Amino acid sequence: MTEFAESRGHVGTNDGAARRARRHAAERRFRLYGILAIVVAVSFLVLLLGSIAVQGYTAFTATQIRLDVTFEPEVIDPEGTGDPELWAGADYGALIRHSLGARFPGVREPEEVRALMALISSGARFDLRDMVLDDPGLIGTTRSVWLPAAADIDMLVKGITPRDVPEDARRVKDNQIAWLDALVAEGAVKRALHLRFFTAGDSRTPERAGIWGAIVGSFYTMMVTLALAFPIGVLTAVYLEEFAPKNRWTDLVEININNLAAVPSIVFGLLGLAVFLNVYHLPRSAPVVGGMTLALMTLPTIIIATRSALAAVPPSLREAALAIGASPLQVVMHHTLPAAMPGVLTGTIIGMARALGETAPLLMIGMVAFIADIPGGPSDPATVLPVQVFLWAGSPERAFAEKTAAATLVLLVFLIAMNGLAVYLRKKFEKRW
Amino acid sequence: MEAQTALIGHNRPADATPVKMATRDLDVSYGAIQALAGVELDIRENEVTALIGPSGCGKTTFLRCLNRMNDTIEGCVVSGLVTLDGHDIYDRSLDVVQLRARIGMVFQKPNPFPKSIYDNAAYGPRIHGLAANRDELDEIVVTSLEKAGLWKEVRDRMGEPGTSLSGGQQQRLCIARAIAVSPEVILMDEPCSALDPIATARIEELIDELRENYTIVIVTHNMQQAARVSQRTAFFHLGQVVEMGDTVELFTNPQDERTQGYITGRFG
């Protein structure tokens, strides 16, 4: 080292050593910048995911209140007909009212009774009805039943809405808190896994709203998108890359495809509205239209990914097959396309993941409607996960905020799963050779 | 003459050997660049014809005209006559897929398919429907691998990917793949340039064995190789055939001074 510096020394100075030091310093500085950039990126990601997770995880549990409910025959079946169809129309709210009345005998004023009833979810009577319809033997008995609490109570129990503010700034009033505390004191309040969130459709009542309708809607939409975009996209890419002559027309097509990839997604929504709904009168709010619109949006992504995957296949492979007398179609089907498959699948799944997270074009074709039923097929009205997030985010009730975050978590899980699948498929197909 | 033959190490067949392929007034251009001009060459049956010359002289272009691989290159224009058994191979009615089954090709870099060794050899017979059943296909595969001198080395690993073989083995696999469709002519584009001397020697031996059944055209940069394996040699320079003749003649007594300059190492 010193010898080398000295040998350079005869030029006049120890310039060389100084320059080397500067070069090393520049290298260290550059590495530091790189590490800083990664740290900043990762911390933002952690912050984002962390805040969603912290806000959302509470939605996976729900507060329940235990009541001793007497399934009074005079309420369920006042005329004694024994006809289950009449049972279904009975006033199960009365059962809850009687049960609460028995637990808090001092509450008489209609105003107070309403406040007391507001502890329990307004949907709890449907749960009681379902219990009776499932097991008519319950009629006439008294059972201890865990009923879902109202969303406001749920928020209070979870500590999301505060107790220590003036009464008129709270949705839950002092007398309700007193009753709730009494129930807590006797162990009649618990937090349990909120399965309903994963099995129900949307609802106006936060504690009854679930994400299953949106998941099913997303599934049908993605199936339509995949069924259209994958074959059309791959065929287009194969033709352009392997068969099309290079002339002005194919250049024009290529430029337009690249431009389409950069078109804002809402424009595709407008197109869907104008063409699929207004011209062809396809059903509004339906996954089939959403899927067609998203397929248009996903096509350029798939075409570009497939083309670059095909272009990356070494020409020697094509030549080998051609030289042995394979027809151009055989070259593509037997050699080029299989070799390009990892890239094709990765591009497709990434395009699909983008489509799964897309909201704007679906707003245009009416998938933003409030739909409480689980869609039974691609032509039933439906909504999708990101639109469900959007809808809940716009709801004023505090309880929908945690639903919003929880639905975002579910969406993220699906996206991560899809990206994981892309990585897996790429590895799997690459292993073949 | 006898002494020279012994020196080169090959027996020359009689001059009466029939012509397998021939070109007349062959011009090839890539866009504005003229790659070949007026090439006239005869390739004789069951002989090895070597094409030598400096880089960029058009040897490979010429070779790729013989099985119409130049068709796949954008902007490549071929004019003139190329015949196989007296028939024009650029005739419109000719099926190029069928032609390439008759004229096989081996490339500079070994390019086995990313499939098993078996599938590499079986691919050609499969797409051309040469085997009626699995047994016939097996037989074709084994015969071609035997002819390519690879069978003993791979008989226990037919399911392994062709790309797992060594460079020389891969090149012999490519030869086996080419001969599996029973071609009449085999074109070789510098088949040994990516191989070590031992693998090269193995391929050269193989070329000599294959000559019995096939007509072989080989492009090479290595003049010793041309002298060792070929019966006839063509010297290409700047897109033209400068000299064509008996290999021994050409190397010992070149007629053109450019040929002499090239083979004695003064240029190229």
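Coordinate-derived values only; no laboratory data. Model, not experiment: these values are computed from the prediction. All Cβ positions, even for glycine, are placed from backbone atoms using ideal geometry, and neighbour counts span all protein chains on display.
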Relative contact order (percent) for chain A, with alpha-carbon contacts under 8 angstrom and 6 or more residues of separation?
-> 19 percent
Distance from the Cα centre of the range A:170-235 to that of the range A:360-378, in angstrom?
-> 16 Å
Once the mean of 1/r over all distinct C-alpha pairs in chain B is inverted, the Kirkwood radius in Å reads 19.1 Å
Within the protein assembly as shown: Cβ-based charge dipole about Cα centre, in debye rounded to nearest 20 (Lys, Arg +1; Asp, Glu -1) | 1940 debye
Segment A:Ala102-A:Glu79, length gained on full extension (0.36 nm per residue, minus Cα span) | 5.8 nm
Could you name the lysines in cross-link range of A:Lys173, using Cα to Cα under 18 Å and dropping any fewer than eight places away on the same chain?
-> A:Lys158
Between A:Thr61 and A:Phe198, the two model label points (7 Å from Cα along the beta-carbon direction) sit apart by a distance in nm of 1.6 nm
Pairs B:Lys115/B:Lys152; B:Lys20/B:Lys59; B:Lys20/B:Lys152: which are spaced more than 22 Å apart, C-alpha to C-alpha?
-> B:Lys20/B:Lys152
Contact order relative to length for chain B, counting C-alpha pairs under 8 Å separated by 6 or more residues, stands in percent at 27 percent
GNM result for chain B, Cα springs below 10 Å: residue of B:Glu184, B:Glu74, B:Glu212 fluctuating most strongly | B:Glu74
Alpha carbon centre of the range B:26-53 versus the range B:215-251: separation in Å?
-> 12 Å
16 Å Cα-Cα reach of A:Lys190 towards aspartates and glutamates, excluding residues that sit fewer than 8 places from it in its own chain | A:Asp68, A:Asp152, A:Asp154, A:Asp181, A:Glu207
What are the DSSP H helices in chain B that stretch 30 Å or more along their long axis, judged by alpha-carbon atoms, and whose average Kyte-Doolittle hydropathy comes to at least 1.6?
-> none
What is the calculated FRET efficiency for B:Ser93 to A:Leu49, with r their C-beta to C-beta distance and R₀ = 51 Å, to the nearest 0.05?
-> 0.15
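Apply 1/(1 + (r/R0)^6) to the Cβ-Cβ distance of B:Asp138 and B:Ser164, taking R0 = 30 Å, and write down the FRET efficiency to the nearest 0.05.
Taking R0 as 30 Å, the efficiency between B:Asp138 and B:Ser164 is 0.90.
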Quick one: which residues, 5 or more positions from B:Ile218 or on another chain, have an amide H under 5 Å from its amide H? H modelled 1.01 Å from N in the peptide plane, none for Pro or chain starts.
-> B:Thr49, B:Ala50, B:Leu51, B:Met188
If each part is reduced to its alpha-carbon centroid, the range A:260-319 and the range A:83-113 end up apart, in Å, by 55 Å
Of A:162-168, A:422-428, A:95-101, ordering from highest average Cβ density within 10 Å down gives A:95-101, A:422-428, A:162-168
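So what's the back-of-envelope 222 nm ellipticity for chain B, counting only DSSP H runs of four-plus at -39500 (n - 2.57) apiece and dividing by all residues, rounded to 500? Walk me through the numbers on the way to the answer.
Numbers: 11 runs with 99 residues, N = 268.
Mean residue ellipticity at 222 nm (helix-derived): -10500 deg cm²/dmol.
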Have a look at A:Thr336, A:Thr70, A:Thr81 and tell me which one the Gaussian network model of chain A (Cα, springs below 10 Å) gives the largest fluctuation.
-> A:Thr81
Want the number for A:Ala393 to A:Ile139: 0.36 nm per residue separation, take away the alpha-carbon distance, what's left?
-> 87.3 nm
Ranked by GNM mean-square fluctuation in chain A (Cα springs under 10 Å), the top entry among A:Ala340, A:Ala209, A:Ala405 is A:Ala340
Per residue of A:312-323, other chain Cβ atoms within 10 Å number on average 6
